[in-house]
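Structure, as structure tokens:
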Amino acid sequence: MNTPDNGDTLMPTPSPHRLTGRGVALLLATLPAIVLTEHALATQPAGVLPGGTANWLPPAGTFVWLVSLLLATGTGWWIGHRRGRPSCQPEMERLQHCFEDNTSMLMLTNAVTGRIVNANQAAADFYGWSRQSLVGRPLSELWTSPCPHWWRSIQVDLPSPARHLHTHRLRNGETRLVEVHVTPFRDHEGMAHVFSILHDVTERERAVETLERERSRLGNVIEGTHAGTWEWQIDSGGMTCNTRWAEILGYEPGELGPISLHTWQTLVHVDDRESVIRTLASCRRGERDTCEIEARMRCRNGGNVWTLAQGRILEWSPDGEPLKMWGTLHDVSHRKRMEQDLWLTASVFSHANESIMITDLDARIIDINRAFTQMTGWARKEVIGHTPKLFQSGLHGPDFYREMRAQLKRTGHWSGEVWNCNKAGELYAERLTISLVRDAQGRPCNYIALASDITDLKNYQKELEHRAFHDALTGLPNRLLMTDRLRQGMAAARRSGKQLAVAFLDLDGFKAVNDHHGHDIGDQLLKQVSEDLEDELRASDTLSRISGDEFIVLLPDLDREEDAQPVLERLVQAAARDHVIEGCDIRVSASAGVTFYPQTEEVDDEALLRQADAAMYVAKRAGRGRLQAFEARDAAEDPY
């Protein structure tokens, strides 16, 4: 009798660690059904499951490989078995290893009772049960809810190879989204079984959801800014534009036909065409990777519209040749009219949405409009007679303003992004255009500055960049940023001859905090511990959270390995401090392992992390709450 970990008594079943002759025959019986599965799923439209469940379809090669291996091993056994030769034993063992050692999760289930007949080690490792405990267990115990797709797909009298998605629960209570490939069949005795291949797609589905959210947000930003977008295939001249690009010129989508660079240049006003062609030719030659083009373009109604095209080359060939440029097209007719007519029309100046500032030739402010006050907080009487230095944030150096003045003097125009301070001392970003104004006799008389607040857009860009390289909970560098700093630290250590310490720190007892107090308390504890650890480090050190309660510490520029010990011991002590969170007294400890670079033999960054990890597990086994330096023998011990 088999007794699983939960104490239930099961009917006698074959050992899952060794297949008998009947077990091999049972596997062989799955082959025709698997071939049917391969054919049916290969011809099934991507994104559709039986029953209408949406799904991503993996490459069919997974089944081809498995079928080929089973056929190669199983056929040899069957021939030997039929001829009565003892030589079939190697084929039996190969078929056994094909099932048991496969990295994919494989299961055989009795279609009548719904109980698991056999499961390989990969399946046992995933669910957290031993193989003995899985065998004989009802498959439904692994589900979080009844699975109608399963019962529809196991009708062996009407074979229906299928796949579906369902949420499964692991032994530790964690739920995971699993993609199940189901093949019903009957063995040589007529008994109905189901062969299943399972894939954990939880992270994939989460990544897809995250990508869709970010794509939606980006679409909202584009929609909110009312910008046309374009993609230029530099080598062929082909262009792809969105609907707004055509609408700016008064066209309906598709009216312009296939759009190319030639189409764009043809639509540009004849007086602006030479400048546009010269700028784009410079990009094509790879002399510049960005462009900013203001030009008049012909509209469908025969009129002209001022446009601002901004783009950047983001794809290059292996030889360094530019391949693709992406950019936006804005209708800036309003701003251009403001630049031309401001000195004539005071009413336009007063009611413009853009911030407008007028100065004399010495850059002293003569007038501002209402939008300027709304954006900066400065009233008109507070800024008259001052220069724009009043708003400078200190983020731009003297060279930035020197180049701005030089271009104004040279061309009478400057446009770019500037960070300034408002009256409250808060930073804001603006898209600034400065133009020289001439009087009726053509003599320079004033400067006009038009600005739009782009702080929200810049903050959103900064948020995306921060999210890509930092842990969402603690704000610490994530694994990606830590790996980059580790490699930089290794390069610096090789150049300077100094030591780099790499430490792996794991909180002891953190799981119990989550279990007893909940994940909200656990998250707050991680934040407080992270702050405590950061307080013990230098500005040049790096503390990274790579998962759960695991941290990586990088201590560069050490004269000796011994210099790292006081710092790391302080970290271990800091992690063990008492914390009071929502009235709960909570305390954990930390085990840390450390290794150093350079070493006698060259190692890469992954090897250093493995060494620190191994040393940390030695510290745990030695009693936890301590620091352990890596020794070569630690590498031979499997911490798992």
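List the trypsin sites (Lys or Arg not before Pro) within the stretch 482-576 that fall in a DSSP loop (any state other than H, G, I, E or B) and whose Cβ has at most 14 other Cβ atoms within 10 Å.
Hits after loop and neighbour filter: Arg538, Arg560.
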For the stretch 488-640, the percent of accessible surface on carbon and sulfur atoms (probe 1.4 angstrom, ligands and nucleic acids excluded) is 44 percent
Say R0 is 51 Å: what FRET efficiency, to the nearest 0.05, do His517 and Glu93 get from their beta-carbon distance?
-> 0.55
Backbone HN-Hα couplings from phi across the stretch 314-331 [Karplus 6.51/-1.76/1.60, Hz, Gly and Pro as x] | 10, 9, 10, 7, x, 8, x, 7, x, 10, 9, 10, 10, x, 10, 10, 10, 7
What is the extension gain from Ser317 to Asn422, computed as 0.36 nm multiplied by their sequence separation minus the C-alpha to C-alpha distance, in nm to one decimal?
-> 33.4 nm
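Charges only on Cβ, +1 for Lys and Arg, -1 for Asp and Glu: so what's the dipole of the stretch 413-461 about the Cα centre, in debye to the nearest 20?
Approximately 220 debye in magnitude.
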Residue span Leu218 to Val603: 0.36 nm per residue of separation minus Cα-Cα distance leaves a gain in nm of 134.5 nm
Given charges at beta-carbon only (K, R positive; D, E negative), |dipole| of the stretch 470-636 in Debye = 300 debye
To the nearest 10 Å², what's Asp360's accessible area with a 1.4 Å probe?
-> 50 Å²
In whole percent, how big is the carbon plus sulfur part of the accessible area of the stretch 353-458, probe 1.4 Å, protein atoms only?
-> 50 percent
Go through the stretch 235-332 and name the GluC sites (Glu not before Pro) that are in a DSSP coil and have 16 or fewer other Cβ atoms within 10 Å of their Cβ.
-> Glu255, Glu287
Can you send over the solvent-accessible area of Trp414, 1.4 Å probe, protein chains only, in Å² to the nearest 10?
-> 20 Å²
Suppose R0 equals 51 Å; then what is the FRET efficiency for Asp484 and Arg438 from their Cβ-Cβ distance, rounded to the nearest 0.05?
-> 0.50
Top to bottom by accessible area (1.4 Å), largest first, where do His199, His386 land?
-> His386, His199
Under a 1.4 angstrom probe, counting protein chains only, how are Cys241, Cys291 ranked by accessible area, largest first?
-> Cys241, Cys291
Between the modelled labels at Glu463 and Ala539 (7 Å from Cα along Cα→Cβ) the distance in nm is 2.9 nm
What shape does the stretch 227-338 have by the C-alpha gyration tensor, where a ≥ b ≥ c are the square roots of the eigenvalues, rounded means a/c under 1.5, and otherwise prolate means a/b greater than b/c and oblate the rest?
-> prolate
Computed over the stretch 241-368, protein heavy atoms only, probe 1.4 angstrom, the accessible area per residue in square angstrom equals 53 Å²
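Between Leu558 and Thr240, what length comes free when the chain is fully extended (0.36 nm per residue of separation minus the Cα-Cα distance, one decimal in nm)?
109.1 nm
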Rg followed by Dmax, in Å, when the stretch 470-636 is reduced to its Cα trace = 15.6, 51
In debye, nearest 20, what is the charge dipole magnitude of the stretch 227-338 about its Cα centre with +1 on Lys and Arg Cβ and -1 on Asp and Glu Cβ, if you could check?
-> 400 debye
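The values are calculated or read from the model by the stated rules, or taken from the named source; none is laboratory data. Model, not experiment: these values are computed from the prediction. Cβ sites come from the backbone with ideal geometry, for glycine too, and all protein chains shown count toward neighbours. Only protein heavy atoms, including side chains, enter the accessible area calculation; ligands, DNA and RNA are left aside. Shrake-Rupley method; radii C 1.70, N 1.55, O 1.52, S 1.80 Å.
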